[in-house]
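The values are calculated or read from the model by the stated rules, or taken from the named source; none is laboratory data. This is a predicted model, so every value here is computed, not measured. Note: ideal-geometry Cβ built from the backbone for every residue, glycine included; neighbour counts use all protein chains shown. Just so you know, the surface numbers come from the protein's heavy atoms only, side chains and all, with ligands and any DNA or RNA stripped out. Shrake-Rupley method; radii C 1.70, N 1.55, O 1.52, S 1.80 Å.
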Amino acid sequence: MKVIAFNGSARKQGNTALLLDIVLNELEAEGIKTEVYNLAGKPIHGCIACYRCFKNKNRRCAVDEDIVNECIDKMIEADGILLGSPTYFADVSASMKALIERSGMVARANGELLRRKVGAGVVAVRRAGAVNVFNSLNYFFFIAQMIVPGSSYWNLGIGREPGEVKNDSEGLQTMKTLGQNMAWLLKKIG
Ligand SMILES: Cc1cc2nc3c(=O)[nH]c(=O)nc-3n(C[C@H](O)[C@H](O)[C@H](O)COP(=O)(O)O)c2cc1C
């Protein structure tokens with residue numbers, strides 16, 4: 001069993017990474033393999049609406065010029081997908097949005113590639129906008145027919161500078177519980 005975590009922050013070692021790590025530690029403790037894929041520093045562009053994925057039906061984005069097809073392959077082979085994003089202007093980061101648009105469209109064009117995989121969003125925030133980010137991530141999971149575990153709060157952690165999220169004890173506990181619930185769910189449906 002495997003979970004792939006995409007980190008959509010521009011900072012590889014920032015608060016989003018720390019929050020994702022807590023979820024991944026809980027999954028590993030339950031014997032589930034994990035991998036982190038950082039979008040930072042890599043080229044990734046939004047959907048150009050060419051709809052060639054619906055014609056080609058080859059499980060790939062027709063614009064094969066950036067990391068998206070590599071990400072889609074990782075999603076297909078995983079049992080669970082974590083999408084981690086910082087809050088940028090009260091929404092997901094641009095790179096996370098690009099991943100959502102392109103992988104979401106390819107999944108739909110190819111007979112619901114992500115159907116019944118387990119998915120969860122993780123959000124880092126300084127002050128406001130995190131629940132909107134959480135919603136944006138969940139829209140992706142739900143339209144892809146994925147199964148989404150909950151936690152003791154919406155999956156967000158508060159901090160501005162890298163590492164500050166460690167001071168948010170409730171946020172850290174939320175991630176722990178999320179990891180435990182995700183592991184439980186994966187084992188039930190796996
Ligand atoms: C372009 C940009 C936009 C941001 N917009 C918001 C925002 O709307 N609300 C907020 O609370 N914090 C905002 N922040 C702060 C980040 O969400 C916060 O520093 C978070 O911890 C970053 O996660 P990271 O360490 O994984 O990069 C913004 C930061 C950047 C760089």
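Among the residues of the stretch 132-185, those that are within 23 Å of R116 (Cα to Cα), of a type in the set (G, A, S) and open to solvent by 20 Å² or more (accessible area, probe 1.4 Å) comprise S136, G150, S151, S152. For the condition without any contact (Cβ under 8 Å) to a residue 12 or more places away in the chain, closer than 25 Å to G111 by Cβ and open to solvent by 60 Å² or more (accessible area, probe 1.4 Å), R59 does not qualify. Restricted to strands (runs of 3 or more DSSP E) entirely inside the stretch 1-117, those with at least 3 residues that are closer than 19 Å to Y139 by Cα are 2-7, 80-86. If you take the residues of the stretch 62-92 that are within 16 Å of the ligand (Cβ to nearest atom) and open to solvent by 80 Å² or more (accessible area, probe 1.4 Å), which of them is nearest to A124 (Cα to Cα)? Only one residue tops the list, namely Y88.
Here is a check on your reading of the model: is N155 under 15 Å from T174 (Cα atoms) and either touching a Leu at 6+ places or on another chain (Cβ under 8 Å) or modelled with pLDDT of 95 or more (or both)? Judged against the criteria, N155 is a match. Scoring L114 on the criteria (1) aliphatic (A, V, I, L, M); (2) under 24 Å from I48 (Cβ atoms); (3) in contact with an Asp or Glu (Cβ under 8 Å, 6 or more places away or on another chain) leaves a single failure, condition (3). For the stretch 142-190, residues that are part of a helix (DSSP H, G or I), touching a Gly at 6+ places or on another chain (Cβ under 6 Å) and among the β-branched types (V, I, T) total 1. State whether the residues of the stretch 123-141 include one that is assigned to a helix (DSSP H, G or I), in contact (Cβ under 8 Å) with a residue 60 or more places away in the chain and polar (S, T, N, Q). Checking the stretch 123-141: not a single residue is assigned to a helix (DSSP H, G or I), in contact (Cβ under 8 Å) with a residue 60 or more places away in the chain and polar (S, T, N, Q).
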